[in-house]
Amino acid sequence: PAMDKPKREAILDLSKYVNTRIRVKFMGGREVTGILKGYDQLLNLVLDDVEEVVELPKPHTRILGLAVLRGPTITIISPVDGFEEIANPFAAQE
């Protein structure tokens, strides 16, 4: 008998971020922001109005427009609004 493979559920529920500007970081350090237009269960993302933050040779942004981002290369996804740095709770206490 053929075993029914369990359906893979996405770890992240990105539906609440559709049509919202998000920040995405990749393996290797590249970083973009854009408006989330779609995604699939492998976390491949479709972003519109994409801007890449380029650090070298001098910091600037590169306008990419509409882009498809491959899920396996993504390390961090975060909303741009409400994004703030917090103190590291694991840093050695002085």
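Details
- Taking Lys and Arg as +1 and Asp and Glu as -1, the other residues whose beta-carbon sits under 14 Å from that of residue 75 total +3.
- Segment 67-81 - phi-based ³J(HN,Hα) in whole Hz, Karplus 6.51/-1.76/1.60, Gly and Pro as x: 9, 9, 9, 6, x, x, 8, 8, 9, 9, 10, 8, x, 6, 6
- Charge context of residue 17, other residues only, Cβ under 12 angstrom, K/R +1, D/E -1: +2
- On the basis of the beta-carbon distance and an R0 of 41 Å, residue 51 and residue 91 show a calculated FRET efficiency of 0.85.
- In this simple spin-label model, placing a label point 7 Å from the Cα along the Cα-to-Cβ direction at both residue 68 and residue 80 gives a separation of 2.3 nm.
- FRET efficiency, residue 16 to residue 60 (Cβ-Cβ, R0 25 Å, nearest 0.05): 0.20
- Label-to-label distance, residue 41 versus residue 26, with points set 7 angstrom from Cα along the beta-carbon direction: 2.5 nm.
- By accessible area, using a 1.4 Å probe on protein heavy atoms only, segment 26-94 has 58% of its surface on carbon and sulfur.
- In sequence order, segment 19-25 has phi-based couplings of 6, 10, 6, 10, 10, 10, 10 Hz under the Karplus curve 6.51 cos²θ - 1.76 cosθ + 1.60, θ = phi - 60°, and Gly or Pro positions carry x.
- Hz values of 3J(HN,Hα) by residue in segment 45-59 - Karplus curve (6.51, -1.76, 1.60), Gly and Pro given as x: 10, 10, 10, 10, 6, 7, 10, 9, 8, 9, 8, 10, x, 9, x
- Under 9 Å, Cβ to Cβ, from residue 65 - net charge with Lys/Arg +1 and Asp/Glu -1: -2
The values are calculated or read from the model by the stated rules, or taken from the named source; none is laboratory data. All figures in this text were calculated on a predicted structure; none of them were measured in a lab. Using ideal geometry, Cβ is built from the backbone for each residue, glycine included, and neighbour counts are taken over all protein chains shown. Just the protein is used for accessible areas: all its heavy atoms, side chains included, with ligands, DNA and RNA removed. Shrake-Rupley method; radii C 1.70, N 1.55, O 1.52, S 1.80 Å.
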